[in-house]
Structures are given as C-alpha cells and as structure tokens.
Amino acid sequence: MLPLVLYDILSKLPGNSWSANPAKPRFVLSYKKLPFDTVFVEYCDIAPKMKEIGASPNKRDGSVVYTLPVLSDPNTGALITDSWAIAVYLDETYPENPVFPEGSRGLIRSFESAVDALLRAFLEFSLLRSSQILNERGQKFFINVREAFFGEKVDEWSPEGQKRDAQWEALEQKYYGSAKIWYEEIEGKWVMGDTFSYADIIFAAKSFWLKKVCWDDEWKRIASLHDGRWKKLLAEAEKECNLV
Ligand SMILES: N[C@@H](CCC(=O)N[C@@H](CS)C(=O)NCC(=O)O)C(=O)O
C-alpha cells in the first residue's frame, strides 16, 4: 500500500503539527494504522498549493476558500478537502477500525456542530495564540484573514481584562463544562461509552490544539480543570490512536 499524503499547516513548533482541523485526520489515519506522509504548507501558501495539486476549495460562510486539511490517496486517486469528508472517506475506503460506529454519523456530525458552537465564545483568544506560533509570512496572512472574519483588529481579539476573562469563563465553564456533562452521561471512557469514535477525535483534536498554542501557564490552567480529566482524556485518545 502506498502512503497517503496529509496536507497540514506549518508552524514554528517542534514537530510542526498544531492545528485542530488537520489533527482530526491525523488521529484517524493513525487509529486505522494507515501509512501516511505529511506535507506541511505555510498558511499563506495554502490556496496556491491546493490549486496546484487540483484540490477542491471549501466553503466558509458562503464564500469559497482553500483550506487544510486535504488528503491525497495515491492508492485510489482520491483528493479530498475537509476533515469531515476525509474521515468519512477513510472509514468507507478502509473499513477496518471504524471511527463511525454503525448509524452514528448523523449524531457525530451534530456533536461536532455543538463543539464548534461552544468554541466560538473563545475563538478570538485561541486564534490569537495560533497566530503567534506561525512564521512571519504565515502570521501576516492569518491575521489579515481573521481580522476580516471577526471585523476586529488583532489587538482587539483578546486584550487582557474583561474580554479575556469572559473568554476564559466560556472556555472553562461553557466548553469544558458542557463536555463534562457529555462525558459523564454514560459510563465508560468515551462519548459513546466503551466505544471509541470520531466524536472523541473531534474533542481530542481541540484539546490538542489548545495544548499546542496556549502559553504554558494557560495550558496548565486547562490541564488542571475538573481534576485533570481533559489532559488525561487527550493522552488516552492519543494512545488509542497510536500517536504516543
Ligand atoms: N471545515 C473545514 C475547516 C478547515 C479550515 O478552516 N482550515 C483552516 C485551518 S484550521 C484553513 O485552512 N484556513 C485557510 C484560510 O482561512 O485561508 C475542515 O474541517 O476541514
């Protein structure tokens, strides 16, 4: 079998990998024990590079935008944009070790929407930290794109004080507070009890991202929340996916 190719976003961090959306297919590929190589692309080069390889653009709020992750599968010729479409493709093409237990896709899709909606309240903070781990060229581009998206200059995204405090409150109480309810609703380690699924990958990928982009004291704050359960859950998901 030829290795698949995952297009991910370059950063200054050791090992480069940091971004939540490309982390999801990385978790899936490793969980399924599929061989793959990663091509890291500078944020500002995503559109030209994806046009060059013939990848389809994505949609964001009605506009067309080239995004990562993209997966290329030389075994079938498939070239897929979007983390969700990639997960579905991988489960359908390589059914061993499924990440979507039978009949779960619709619910997991809703789960992802719920996670993303809760994240919105502290997105400016997380994206500020994300911008800070990019190389200069990538950082400039990233900030321009997100300033247009938020309608706010980068300095206004998450200034220390009331706004930052409210973002932390949303992160700790709404985001991880809701997750606590979901994960406590059923006995067992995962969202679906004893069955590991793409829902856990969605959630783990966000914690992975926060761990990578937050400053040490900020990650410690998240890691100690609810008796350390989110740090532990991330470590367990990484282990389940053969990433550590
Ligand atoms: N729904 C998409 C979202 C992908 C996405 O927004 N990717 C970001 C990086 S995390 C991106 O490539 N952005 C490029 C840009 O905004 O120009 C997915 O899950 O793959």
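Before moving on, here are some points about what is shown:
- In the set (1) within 28 Å of Leu68 (Cβ to Cβ); (2) of a type in the set (Gly, Ala, Ser); (3) in contact with a helix residue (DSSP H, G or I) (Cβ under 9 Å, 6 or more places away or on another chain), Gly177 fails one condition alone, (1).
- One residue stands out among those in region 199-211 that are within 11 Å of Leu234 (Cβ to Cβ) and more than 11 Å from the chain's Cα centre (by Cα): the one that is most open to solvent (accessible area, probe 1.4 Å), which is Lys211.
- Gly161 vs. criteria more than 16 Å from the ligand (Cβ to nearest atom) and modelled with pLDDT under 95: no
- Residue that is surrounded by the fewest Cβ atoms within 10 Å (Cβ to Cβ) [pool: residues in region 131-147 that are within 10 Å of the ligand (Cβ to nearest atom) and without any contact (Cβ under 8 Å) to a residue 60 or more places away in the chain]: Asn144
- Contact annotation: residue pairs with Cβ atoms under 8 Å, 6 or more positions apart or on different chains, pairing a residue in region 171-190 that is in the same structural domain as Leu233 (by TED's automatic domain parsing) with a partner that is of a type in the set (Gly, Ala, Ser), are Leu171/Ala121; Lys174/Ala121; Tyr175/Ala121; Ser178/Ala114; Ile186/Gly193; Glu187/Gly193; Trp190/Ser197; Trp190/Ala199.
The values are calculated or read from the model by the stated rules, or taken from the named source; none is laboratory data. In this text, all values refer to a predicted model and were calculated from it rather than measured experimentally. All Cβ positions, glycine included, derive from the backbone under ideal geometry; neighbour counts span all protein chains shown. The protein model used for the area step is the full one, side chains on, heavy atoms only, and it has no ligands, DNA or RNA in it. Shrake-Rupley method; radii C 1.70, N 1.55, O 1.52, S 1.80 Å.
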